[in-house]
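Every number here is computed from the coordinates shown, using simple stated rules; none is lab data. On a predicted model such as this, the values are computed, not experimentally measured, just so you know. Cβ atoms come from the backbone with ideal geometry, glycine included; neighbour counts cover every protein chain shown.
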Amino acid sequence: MEGGESSSSFPMGESAQERGLSHVPEYYAIPTSHRPSLNPETADVPVIDLVGFRDSSSRRSVTVNDIGNACRRYGFFQIVNHGIDQFVLDGALSSAFDFFSLPTEEKSKLMSNDVHNPVRYATSLKDGVDKIQFSRAFLKHYAYPLEDWVKSWPENPPAYREHMGRYAAEVRKLALEIMEAITESLGIGAKYLSNKMEKGMQVMALNCYPPFPQPGLALGVPPHSDHSCLTILLQSTTGLEILDTEDGKWRAVPELKGTLQVLVGDHVEVLSNGRYKSVVHRATLHKERTRISIASLHSLGMDEKMETAKELVDEEHPKGYKESSFRDFLNLLAKNDIAEGKGFIETLKIQY
Ligand SMILES: O=C(O)CCC(=O)C(=O)O
Ligand SMILES: [Fe+2]
């Protein structure tokens, strides 16, 4: 089990018997303290109007400031007026839905547990695993440069490549623009990372969470933060929850038609020397509905090391993180089940 190219530290559950829950089937062995609420509080997260960032007037600096505050406070914000048409979003969601609706034999052609594989399908309901703590199927594929990767994407459903390809290209442009707003908000300039992001990686993680009979007893994806610089998430319905570090509570991200969710990833935490923290998040399950989410993860190139900006290091703020690349993350993931292991960001922190 792993998150959407993500890193996490999540204590494995004691067994149901150990906790005296004999009426709960063994496969619902999620630790009590990690069970999601069926009525979570709603997160009061900032909604950023991106038109403001594209403005040349003072509105731009207000928007940059709002983005900086959101990154500092939550590591998360929602965006409206992002410029991606609703039909492109709907096309991506419905092709994801159609892919997951294919017969198992068809999806299994892409089945792989090798985290280095650029296109792979997997599910958390593996044979022989009797503890279903997480219920999810996912398809992950690289998406940039699109012309290099699209050939290895699913051939079915027939419209998949066109619809997902269109969304992939548009969401990547958006991610690069938001990255500019983030570096500008850090005071290191909008173009600080532009060249490296231009040559960077885009991984799309399509998640499918089928209806689950007892959604209070399992999760879709365990708590984790994404390894990326930033992740843009499109969801068909609610289910994403973020951890508020101020009070340690999980809160549900509200559903706002047409919005996209922006998650600060581990590599922006490293870049910012901890001024911005990657957001710890998880996905919950619904009793009757299938939920689809599409996470687009943007980072530097495979072997390009992300380093803390030297402009953000001084006596008061000593360098807090080691440098690392996307490949370093994959290597950690390969030997570390994220449901058990140390989160990627934890391995990067420098202890003084
Ligand atoms: O489904 C979601 O809302 C979250 C998915 C996620 O965190 C991921 O793919 O990294
Ligand atoms: Fe994630």
What FRET efficiency comes out for the pair residue 322/residue 246, r = Cβ-Cβ distance, R0 = 22 Å, nearest 0.05? 0.25
Anyone know which of 247, 303, 49 comes out most mobile in the 10 Å Cα GNM of the chain? 247
Excluding residues fewer than 8 positions from residue 151 in its own chain, the lysines with Cα under 26 Å of it are 107, 109, 140, 173, 196, 199
Please check: in the Gaussian network model of the chain (C-alpha springs, under 10 Å), which one of 139, 174, 240 has the largest mean-square fluctuation. 174
Based on DSSP H runs of at least 4 residues, each adding -39500 (n - 2.57), what is the mean residue ellipticity at 222 nm of the chain after dividing by all its residues, to the nearest 500 deg cm²/dmol? -8000 deg cm²/dmol
Within the chain, what is the longest stretch that has no GluC sites (Glu not before Pro) placed in a DSSP loop and near at most 10 other beta-carbon atoms within 10 Å? 19-245
D for region 35-178, whole µm²/s, Stokes-Einstein with Kirkwood Rh over alpha-carbon pairs at 4 °C and 1.567 mPa s: what number? 71
With residue 151 itself left out, Lys, Arg at +1 and Asp, Glu at -1 over residues whose Cβ is under 14 Å from its Cβ give -3
For residue 54 paired with residue 255, estimate the spin-label separation in nm (one decimal), with each label point 7 Å from Cα along the Cα-to-Cβ line. 2.7
Pairs over 28 Å Cα to Cα, from 191/335; 191/319; 191/305, come to 191/335
Over all directions, the average projected area of the alpha-carbon convex hull for the chain comes to how many nm²? 17.8
Between residue 44 and residue 86, how high is the FRET efficiency from 1/(1 + (r/R0)^6) when r is the Cβ-Cβ distance and R₀ = 22 Å? Nearest 0.05. 0.30
Eigenvalues of the Cα gyration tensor times 5, then square-rooted: what semi-axes does that give for region 208-352, in whole angstrom, largest first? 30, 16, 15
Long-range amide H partners of residue 277, meaning residues 5 or more apart or on another chain whose placed amide H is closer than 5 Å, are 75
